[in-house]
Amino acid sequence: MVHAIFQDMIDRGRLPTFFLLASIVLAFVFIRFSTRMIRAQASWWPGNVSMGGHHIHHVVFGFGFMFAGGFGLIAVANDLGAITACIFASIFGIGSALVLDEFALVLHLRDVYWTEEGRSSVDAVFVAVAFTGLFLLGFHPLGVIADFDTLRHEDHSVVMVAIAAFFFLAQLLLVVVVILKGKLWTGFLGMFFPPVLFIGAVRVSRPDAPWAKKFYAAHPAKQTRAIEREHRLREPMIRRKIQVQEALAGKFGP
């Protein structure tokens, strides 16, 4: 069965994507284990990397891996064999995990690794894993590849091009609306599954989102519904997400 799955990946040209996904997951697990051991001051673990008394964050090594992997994929693109592609994809994946694991540091321009702001790093890794995993399974955001490949190979009529462009722009508009309503994960998943976008767009906004601040000020009933929905549905989901985050990455805060 495993051989059949790998053969299917090879036939569909998805084996490098699998190595990219695997390297992101493994590198993230390793670096989080490392930082947790450093935080616990485990005497048997090597500890931080320093140079001249200056702590070198692992995001620095991540940039190096990403450049090496990305450059390799581009530089030998014309002569890229399956094994070479998998190697460079793995290098790029390792670098991506190291960079995304310190996404909060890059975002805030200060070391917030173990603070509440540091949770955004784990969220960034989750998004990367989900995005890569969906691609591996054959899903594509906003139907770009599937829709426009059909046009390129089957129907070149102006009407079909206009229809495809209309649906693409409509989905893109729904993504913007959903994000303005504060539903980031709904917007992300909706790019791959358009019905989710429609549901997220017509449902009430999150109470502190830009959409609510703009449109709910004159409609207190909608704001009340948004707050009730936040307490009833959103907050339990956030608590469960935090439990998963801390099981994988350690506890945030003091």
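The values are calculated or read from the model by the stated rules, or taken from the named source; none is laboratory data. Keep in mind the model is a prediction, meaning the values are calculated, not measured. As a convention, Cβ positions derive from the backbone with ideal geometry for all residues, glycine included, and neighbour counts pool all protein chains shown.
So which of Thr35, Thr17 is touching a Leu at 6+ places or on another chain (Cβ under 6 Å) and modelled with pLDDT of 85 or more? Steps first, answer last, please.
Working: Thr35 fails: touching a Leu at 6+ places or on another chain (Cβ under 6 Å).
Criteria check complete, one pass: Thr17.
Within the stretch 98-120, the residues that satisfy the criterion of being assigned to a helix (DSSP H, G or I), free of Cβ contacts under 8 Å to residues at least 60 places away in the same chain and not aliphatic (A, V, I, L, M) are Phe103, His108, Glu117, Ser120. Gly64 passes every criterion in (1) of a type in the set (Gly, Ala, Ser); (2) more than 30 Å from Gly253 (Cα to Cα); (3) surrounded by fewer than 17 Cβ atoms within 10 Å (Cβ to Cβ) apart from (2).
If only one of Arg239, Arg225, Arg232 is surrounded by 11 or more Cβ atoms within 10 Å (Cβ to Cβ), more than 27 Å from His140 (Cα to Cα), modelled with pLDDT of 90 or more and among the basic types (Lys, Arg), which one is it? So that I can check it myself, show each step before the final result.
Numbers: Arg239 fails: surrounded by 11 or more Cβ atoms within 10 Å (Cβ to Cβ); Arg232 fails: surrounded by 11 or more Cβ atoms within 10 Å (Cβ to Cβ).
Unique residue meeting the criteria: Arg225.
Across the stretch 23-56, the number of residues qualifying as more than 29 Å from Phe88 (Cα to Cα) and among the small types (Gly, Ala, Ser) comes to 5.
Annotation for the stretch 57-77: at least one member residue is over 21 Å from the mean Cα position of the chain (by Cα), closer than 23 Å to Phe131 by Cα and of a type in the set (Val, Ile, Thr). For the stretch 38-72, a residue qualifies if it is within 16 Å of Leu21 (Cα to Cα) and out of contact with any Leu (no Cβ under 7 Å at 6 or more places or on another chain), and the qualifying residues are Met66, Gly69, Gly70.
Selection of the stretch 10-56 for residues being under 22 Å from Ala130 (Cα atoms), touching a Ser or Thr at 6+ places or on another chain (Cβ under 8 Å) and not small (Gly, Ala, Ser) yields Thr17, Phe19, Leu20, Leu21, Ile24.
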